[in-house]
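Trainee: One structure is given below, represented as structure tokens, and several questions about it will come after.
No lab work stands behind these numbers, since they all come straight from the coordinates. Treat the numbers as computed from the prediction; the structure is a model and nothing was measured. Here the Cβ positions follow ideal geometry from the backbone for every residue, glycine too, while neighbour counts run over all protein chains shown.
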Amino acid sequence: MKIRKIALLLIFLCALSARAEEHAPILAVVVPAQQTTDNLKLTPNSLKLIYLRKQLYWPSGKRIVPVNLHTEHPLRSRFSQSVLGSLPKMQIDYWNGLYFNGIQPPYSVNSEEAVLRYIAQTPDAIGYVEACLVDGRVKPILWIDNDQITLSSPDNLQCQ
């Protein structure tokens, strides 16, 4: 009887986990609302290069200012996995190596509201938040939905 209860509990937890995975929030990659985006030419690969600090300037010649959520934030893990192909904890050696060359990782903040404020107040900044949190302070330029990075707004965006 105990084994059956444990088995049912495991099945329930697996189903719950799969369901949570299905409904992972869509992420929006955002820049300041006043930033012109006509010549940004942002692609999934250039986004990766920006967050690895290998692309430091926009096509206009202005320095890119990327911002991250803190390493324990679940959206940071999703973003890192989707864009960089690894979790934040796996990137420690990479950043330690760059640090000795004078290159620091993107600035980190503690919340999505902090990302929105930072982006709104920092010219040439770029960051990411849950898509439903996008407001007039920022402009979405890329979308991340189920690890797919696209230029067009997702059709299945349902904000409450």
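Trainee: Considering the options 87, 156, 42, tell which one lies farthest towards the positive end of the dipole of the chain, charges being +1 on Lys and Arg and -1 on Asp and Glu at the Cβ, about the Cα centre.
Mentor: 87
Trainee: Additional query: Could you count how many Lys pairs in the chain have their Cα atoms under 21 Å apart, skipping same-chain pairs fewer than 8 positions apart?
Mentor: Lysine pairs meeting both conditions in the chain amount to 9.
Trainee: Under 13 Å from the Cβ of residue 114, count the other residues' Cβ atoms, weight Lys and Arg +1, Asp and Glu -1, and hand me the total.
Mentor: +1
Trainee: Which value in Å does the Kirkwood hydrodynamic radius of segment 31-160 take, with 1/r averaged over all unlike C-alpha pairs and then inverted?
Mentor: 15.1 Å
Trainee: Now, a different point. What list of ³J(HN,Hα) values in whole Hz, one per residue of segment 38-51 in order, does the Karplus curve 6.51 cos²θ - 1.76 cosθ + 1.60 (θ = phi - 60°) give from phi, with Gly and Pro shown as x?
Mentor: Whole-Hz 3J(HN,Hα) from phi for segment 38-51: 4, 10, 5, 6, 7, 10, x, 5, 5, 4, 4, 4, 4, 6.
Trainee: Starting at the first residue of segment 122-127, write each ³J(HN,Hα) from the Karplus equation 6.51 cos²θ - 1.76 cosθ + 1.60 with θ = phi - 60°, in whole Hz, x for Gly and Pro.
Mentor: Taking θ as phi minus 60°, the curve returns 10, x, 6, 7, 8, x Hz for segment 122-127.
Trainee: Percent relative contact order of the chain, based on C-alpha pairs within less than 8 angstrom and at least six residues apart?
Mentor: Reported as a whole number, the value is 36 percent.
Trainee: On to the next question. So who's got an amide H within less than 5 Å of the one on residue 128, skipping anything under 5 residues away but keeping other chains? H placed 1.01 Å off N, in plane.
Mentor: 30
Trainee: How big is the charge dipole of segment 24-152 about its Cα centre, in debye rounded to the nearest 20, if each Lys and Arg gets +1 on its Cβ and each Asp and Glu gets -1 on its Cβ?
Mentor: Dipole size: approximately 380 debye.
Trainee: Follow-up. Using C-alpha positions alone, give me the convex hull volume of segment 83-160 per residue in cubic angstrom.
Mentor: Considering the Cα atoms of segment 83-160, their hull volume per residue is 132 Å³.
Trainee: Tell me the mean residue ellipticity at 222 nm calculated for the chain from its helices only (DSSP H runs of n ≥ 4, each -39500 (n - 2.57), averaged over every residue, nearest 500).
Mentor: Here the helix-only value at 222 nm equals -10000 deg cm²/dmol.
Trainee: Taking H as built 1.01 Å from N, whose amide H comes closer than 5 Å to the amide H of residue 64, not counting residues under 5 places away?
Mentor: Under 5 Å from the amide H of residue 64 lie the amide H atoms of 57, 58, each far enough along the sequence or on another chain.
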